[in-house]
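The values are calculated or read from the model by the stated rules, or taken from the named source; none is laboratory data. Predicted, not measured: the structure shown is a model, and the values here were computed from it. A quick note on method: Cβ atoms are made from the backbone with ideal geometry, for glycine too, and the neighbour counts reach across all protein chains shown. For the accessible areas, the whole protein counts, side chains as well, though only heavy atoms, and no ligand, DNA or RNA atoms are used. Shrake-Rupley method; radii C 1.70, N 1.55, O 1.52, S 1.80 Å.
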Amino acid sequence: MQNFVKKLKWPDYLILALLVGFFGYIWYSIEGTLNYKWRWELIPGYIVGWHSGREEWFANLLLQGLAATVRISIYASILALILGTILGVARCSANLTVRMLARTYLEFLRNIPPVVVVFIFFFFLSQQLIEALDLERWARGIARQEDIGVWEFFFGEMRRFPSLVSGVIVLALFESAFVGEIVRAGIQSIPRGQREAARSIGMSRVQELRYIVLPQAMKRVVPPLANQFITLIKDSSIISLISVQELTYKTVELVASSRMIFEAWITTAAFYFLVCFTLSRVFARLEKRGKAGER
């Protein structure tokens, strides 16, 4: 900490002073001009609550939403990685038809507003898939069972399982377009000479990708994929529009019931920041270790 303070110059102190003054002005404007009464003391109760009947602590609205956001982000990132890898390989295919189909999908998603994409995938794909698989009836059957602790740990409230599936599918299909471009760039970064050498010893196209190209390409794309995962966490707030009860949706519920507009949204922003910033630091450290191991 002392080393950090020593590195600060007068422009740094000036910027800090301006930031403090700016946020102080915002705080004064909200409290004075808008006549807003801050109620920060109530926020902890909406994160963790106490059930007097069962005499135990329970996750309240904001913590429930945060847990749902983490679940959806993990499952969607796994599915997006699988789909994106397939799309990235297809973008580098020797077959023109396969290449053009993959490019059409990627360009379509990358050049349309996320909100539009979410509604298109929700109404025309995920909702139809849920009805075809009859997931609602299956989830209600699981919810009626007595011991569902494991199910709830992985999927949350089972009665809302179809909603979680919708969110995962929609988010993964959207993010797979960006993952596909990252994988495509990684594949194309491998020198052509290695491919030609693989073919010269009799390797097929599949063997070339499996043993030569993809292992090297995936190592190179780990940093951008890590950044994409952080972006996915932030993008997960979009699926609140299709009533997926993640952190943003729960915050809207809290604001509607308590009228704590600024406290609720500032707390939600802090949750997103803590999760994303922590992951960015973890990924940066892992990247440094990976580079040190290669030396």
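Collect the residues in the range 73-96 that are hydroxyl-bearing (Ser, Thr, Tyr) and buried (at least 19 other Cβ atoms within 10 Å of the Cβ), keeping them in residue-number order.
SER73, TYR75, SER77, THR85
Being open to solvent by 60 Å² or more (accessible area, probe 1.4 Å), assigned to a helix (DSSP H, G or I) and more than 16 Å from GLN245 (Cβ to Cβ) is the filter here, so list the residues in the range 32-66 that pass it.
Correct list: THR33, TRP40, GLU41, LEU42, PRO44.
Table: residues versus (1) free of Cβ contacts under 8 Å to residues at least 24 places away in the same chain; (2) open to solvent by 40 Å² or more (accessible area, probe 1.4 Å).
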{"position": "ALA185", "(1), (2)": "no, yes"}
{"position": "ILE190", "(1), (2)": "no, no"}
{"position": "ALA197", "(1), (2)": "yes, yes"}
{"position": "ALA226", "(1), (2)": "no, no"}
{"position": "SER236", "(1), (2)": "no, no"}
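Exactly one condition in (1) of a type in the set (Val, Ile, Thr); (2) modelled with pLDDT of 90 or more; (3) open to solvent by less than 30 Å² (accessible area, probe 1.4 Å) is false for ILE130; which is it?
(2)
Can you spot a residue in the range 272-293 that is in contact (Cβ under 8 Å) with a residue 24 or more places away in the chain and outside any helix (DSSP H, G or I)?
Within the range 272-293, none of the residues are in contact (Cβ under 8 Å) with a residue 24 or more places away in the chain and outside any helix (DSSP H, G or I).
From the residues in the range 250-261 that are open to solvent by less than 60 Å² (accessible area, probe 1.4 Å) and not polar (S, T, N, Q), which one is modelled with the lowest pLDDT?
Here the residue is MET260.
Has the range 42-63 got any residue that is under 30 Å from VAL179 (Cβ atoms) and either touching an Asp or Glu at 6+ places or on another chain (Cβ under 6 Å) or not polar (S, T, N, Q) (or both)?
So far as the range 42-63 goes, yes, one or more of its residues are under 30 Å from VAL179 (Cβ atoms) and either touching an Asp or Glu at 6+ places or on another chain (Cβ under 6 Å) or not polar (S, T, N, Q) (or both).
Just one of the numbered conditions (1) open to solvent by less than 10 Å² (accessible area, probe 1.4 Å); (2) modelled with pLDDT of 85 or more is not true of VAL165; which one?
Here VAL165 clears every test but (1).
Here are some residues: ILE142, ILE112. Which one is farther than 22 Å from VAL170 by Cα and surrounded by 10 or more Cβ atoms within 10 Å (Cβ to Cβ)?
Exactly one residue qualifies, and that residue is ILE142.
Specify which of the listed residues (THR69, THR97) is over 26 Å from ILE230 (Cβ atoms) and among the β-branched types (Val, Ile, Thr).
That would be THR97, the only listed residue that is over 26 Å from ILE230 (Cβ atoms) and among the β-branched types (Val, Ile, Thr).
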